[in-house]
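Written below as structure tokens is the structure these notes are about.
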Amino acid sequence: MAASQSSVPALASRQQELAAQHSALEYQLQQLHQKRFLSAEEELEAVRLKKLKLHLKDAMRGLQSSGTA
């Protein structure tokens, strides 16, 4: 049981790291969406950023579920 208690701070730290990355991606997306028109490359970048955000969100949910199990 001591091992699981010692991993709680590590999980919280990883959760914060993922949340910070998620926020950074959101900011980048907002910067793209402020443009009136996006080039083809910018549209692809927006799709890539959205996929990365979803991946991070899934990872955060996985950490939450493993932390409560």
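Could you grab me the full set of residues in region 19-41 that are surrounded by fewer than 13 Cβ atoms within 10 Å (Cβ to Cβ), outside any loop (DSSP other than H, G, I, E, B) and free of Cβ contacts under 8 Å to residues at least 12 places away in the same chain?
Hits for region 19-41 are Ala20, Ser23, Tyr27, Gln30, Gln31, Ala40, Glu41.
Could you list, in sequence order, the residues of region 8-61 that are of a type in the set (Ser, Thr, Tyr) and modelled with pLDDT of 95 or more? I'd like the intermediate steps shown before the answer.
Filtering region 8-61 down to residues of a type in the set (Ser, Thr, Tyr) leaves 13, 23, 27, 39.
Result: Ser23, Tyr27, Ser39.
Those residues that are among the hydrophobic types (A, V, I, L, M, F, W, C) and touching a His at 6+ places or on another chain (Cβ under 8 Å), I need them from region 44-60; list them, please. Step through it out loud before you land on a result.
The initial filter retains those residues of region 44-60 that are among the hydrophobic types (A, V, I, L, M, F, W, C), namely 44, 46-47, 49, 52, 54, 56, 59-60.
Listed by number, the residues that qualify are Ala46, Leu56, Met60.
The values are calculated or read from the model by the stated rules, or taken from the named source; none is laboratory data. If you're wondering where the values come from, they're calculated on a predicted model, not measured in any experiment. As a convention, Cβ positions derive from the backbone with ideal geometry for all residues, glycine included, and neighbour counts pool all protein chains shown.
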